[in-house]
Amino acid sequence: DGAELTKKLGRQLVVTAVAARSRSRDRGIDISGLEWFDDPVALAKSDGIDLFVELIGGEDGPAFAAVKAALEIGRPVVTA
């Protein structure tokens, strides 16, 4: 619940951007208003975010590269 999460965190979380392989895949939610990145590393380094959430999975490849890029610039990371 968004209100409960906002209360616990003391601030609202807002999804502002997404990186994925396919823009056309049905994700069950409307992401058309979000900034799109073809490269998750570019998203992780983007000045427009305060927190990088990695949902790619895997210990290497794009997930590792994106998390590493975010951490190298001091950006907080949440990974699943």
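The values are calculated or read from the model by the stated rules, or taken from the named source; none is laboratory data. Just so it is clear, the structure is predicted and the values come from calculations on it, not from any experiment. Cβ atoms come from the backbone with ideal geometry, glycine included; neighbour counts cover every protein chain shown.
Observations on the model:
- Top-ranked residue of region 14-39 - restricted to ones that are at pLDDT 90 or above and in contact with an Asp or Glu (Cβ under 9 Å, 6 or more places away or on another chain), ranked as surrounded by the most Cβ atoms within 10 Å (Cβ to Cβ): ALA19
- Boolean, THR6 is touching an Asp or Glu at 6+ places or on another chain (Cβ under 7 Å) and hydroxyl-bearing (Ser, Thr, Tyr): no
- Listed by first and then second residue, the pairs linking a residue in region 39-52 that is at negative phi to a residue that is in a loop (DSSP other than H, G, I, E, B) and polar (S, T, N, Q), with Cβ atoms under 7 Å apart and 6 or more places separating them unless they lie on different chains, are GLY48/THR16; ILE49/THR16.
- Test: residue in region 50-57 that is in contact with a Gly (Cβ under 8 Å, 6 or more places away or on another chain) and modelled with pLDDT under 90: no
Quick grid of which residues meet (1) in contact with a helix residue (DSSP H, G or I) (Cβ under 7 Å, 6 or more places away or on another chain); (2) within 13 Å of THR79 (Cα to Cα); (3) outside any strand (DSSP E or B):
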residue: LYS8; (1), (2), (3): no, no, yes
residue: SER22; (1), (2), (3): no, no, yes
residue: SER32; (1), (2), (3): no, no, yes
residue: ASP47; (1), (2), (3): no, no, yes
residue: ALA66; (1), (2), (3): yes, yes, yes
residue: ALA69; (1), (2), (3): yes, no, yes
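- The lone exception for VAL78 - which of (1) of a type outside the set (Phe, Trp, Tyr); (2) touching a residue at least 12 places away in the same chain (Cβ under 8 Å); (3) in a helix (DSSP H, G or I) it fails: (3)
- Residues that are surrounded by fewer than 14 Cβ atoms within 10 Å (Cβ to Cβ) and more than 14 Å from ALA20 (Cα to Cα) were ranked within region 40-49; the one that is modelled with the lowest pLDDT is GLY48.
- Filtering region 50-64 to residues that are exposed (fewer than 14 other Cβ atoms within 10 Å of the Cβ) and part of a loop (DSSP other than H, G, I, E, B) leaves ASP50, LEU51, LEU55, GLY57, GLY58, GLU59, ASP60.
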